[in-house]
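Scroll down for the structure; my scribbles are underneath it.
We did not get these values from a lab; they are worked out from the coordinates using the rules stated. If you're wondering where the values come from, they're calculated on a predicted model, not measured in any experiment. In this analysis, Cβ positions are derived from the backbone assuming ideal geometry, glycine residues included, and neighbour counts consider all displayed protein chains.
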Amino acid sequence: MCRPDLSQGARYGLYGPRSCEAHVSESILFQTPENPLPPGAEPGYFDAEDGRRIRYALFTAAAEPKKGTVILMSGRNESIEKYYETIGDLNARGFVVAMKDWRGQGGSARLLRDPARGHVGSFRHYVRDLDRFLRTCVEPRCPGPFYIFAHSTGGLIALLAAPALAGRIRRMVLSAPLLALQGFPVSMTTVRRISRLLRLAGLGRLYASGGPRRVQPFEGNKLTSDHLRYKRNTALVDAFPAIGLGGPTVAWVSRMCEAIDTVLSPDFMARIRIPILFVAAGADEVVSAPLIERYARGLRAGSVVTIDGARHEILQEADLYREQLLAAFDAFVPGSDEPNAA
């Protein structure tokens with residue numbers, strides 16, 4: 001069974017396929033006193049099919065016996081560094097953690113001249129990058145079985161990839177997956193139509209909302225009720241602005257809508273065979289918790305837990321909410337492969 005190579009030679013990139021090169025941790029991953037790098041980090045880069053450079057890292061499990069590997073998938077405008085605390089939690093449970101930054105954000109290659117614009121040509125590019133990451137960096141080097149733990153946009157990408165991942169991924173836990181935006185002054189239908197028209201008119205690279213990164217005060221934020229974690233995450237990007245991101249482009253929003261339409265299709269839902277636990281945030285003001293609940297119940301192997309009072313970023317939330325998500329993960333992964341086990 002292949003495991004991450006933690007030898008000194010591996011630490012300097014002297015092993016493995018050329019497309020999955022390892023490097024010294026400090027030269028690739030960043031840390032602050034409040035957000036230290038987990039021990040045993042093996043970061044590097046791999047080349048996507050179109051040559052884009054994608055940053056990744058593997059983190060060894062601290063506990064024995066090893067239970068397998070969790071592929072941790074972030075949301076939009078997030079980076080590996082933001083998940084150090086969660087990586088430590090999973091390592092302590094006996095899981096190796098494999099994580100990468102999506103193209104266009106974090107430490108991966110940016111797609112436009114203005115690096116602050118959150119852009120993508122298609123959500124299928126994310127899916128192909130995930131497949132290449134699994135084939136070149138995870139499956140040859142990490143212990144199975146393999147699980148996915150995804151948040152928000154990462155959850156949408158996981159669903160989009162799910163039919164092709166049967167037999168490779170044993171289970172998925174999706175935290176507040178992006179199935180519909182809420183809190184907008186217009187409906188998703190209007191967002192879909194306007195973004196598509198603007199993209200087809202050649203305006204896809206314009207900001208759809210927001211602009212270059214702006215630091216928002218804790219009061220009134222929609223992401224977490226935990227002041228210390230919010231401050232930690234803000235300080236991280238203040239210290240290393242290159243891993244930060246601004247608002248999404250018109251094209252990103254348009255392609256997001258296309259991906260949502262795909263995964264909401266009954267025919268597509270019927271093709272999802274991997275057992276999936278959906279965890280909705282009861283006080284979510286970013287994505288629709290009721291739609292997550294309905295979607296989970298419509299899947300053959302889906303189940304759902306709603307954490308009352310939690311805001312969108314449950315893994316960055318107060319312990320009261322965060323520990324409920326981790327408890328749900330513990331109850332679901334690893335476990336029986338029977339669809340009704342959850």
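A few notes on this one:
- Under the shape rule built on the C-alpha gyration tensor, where the axes satisfy a ≥ b ≥ c, segment 8-341 is rounded, since a/c falls short of 1.5.
- Cross-link partners of K231 among aspartates and glutamates, defined as those whose alpha carbon lies under 13 angstrom from its own and excluding same-chain residues fewer than eight positions apart: E34, E219, E317.
- The overall shape of segment 214-342, judged from the alpha-carbon gyration tensor, is oblate: a/c is not under 1.5, and a/b is no greater than b/c.
- Segment 243-297: C-alpha gyration tensor shape, a/c 1.5 cut-off, then a/b vs b/c: oblate
- Full extension of the chain between R271 and E323 gives 15.5 nm of extra length, using 0.36 nm per residue less the Cα-Cα distance.
- Helix-only arithmetic for the chain: the sum of -39500 (n - 2.57) across DSSP H runs with n ≥ 4, divided by the residue total, places the mean residue ellipticity at 222 nm at -9000 deg cm²/dmol.
- Within the straight-line cut-off of under 19 Å between alpha carbons, the lysines reachable from K100 are K82, sequence neighbours fewer than 8 places apart in one chain being disregarded.
- Residues D101, D330 arranged by fewest to most Cβ contacts within 10 Å: D330, D101
- Under a 5 Å amide H cut-off, with hydrogens placed 1.01 Å from N, R76 pairs with T153, G154 among residues at least 5 apart or on other chains.
- Inter-centroid distance (Cα atoms) of segment 60-91 relative to segment 169-219, Å: 26
- Pairwise FRET efficiency - L228 versus R294, Cβ, R0 = 45 Å, nearest 0.05: 0.85
- A Förster radius of 30 Å combined with the Cβ-Cβ distance from T32 to R53 puts the calculated FRET efficiency at roughly 0.80.
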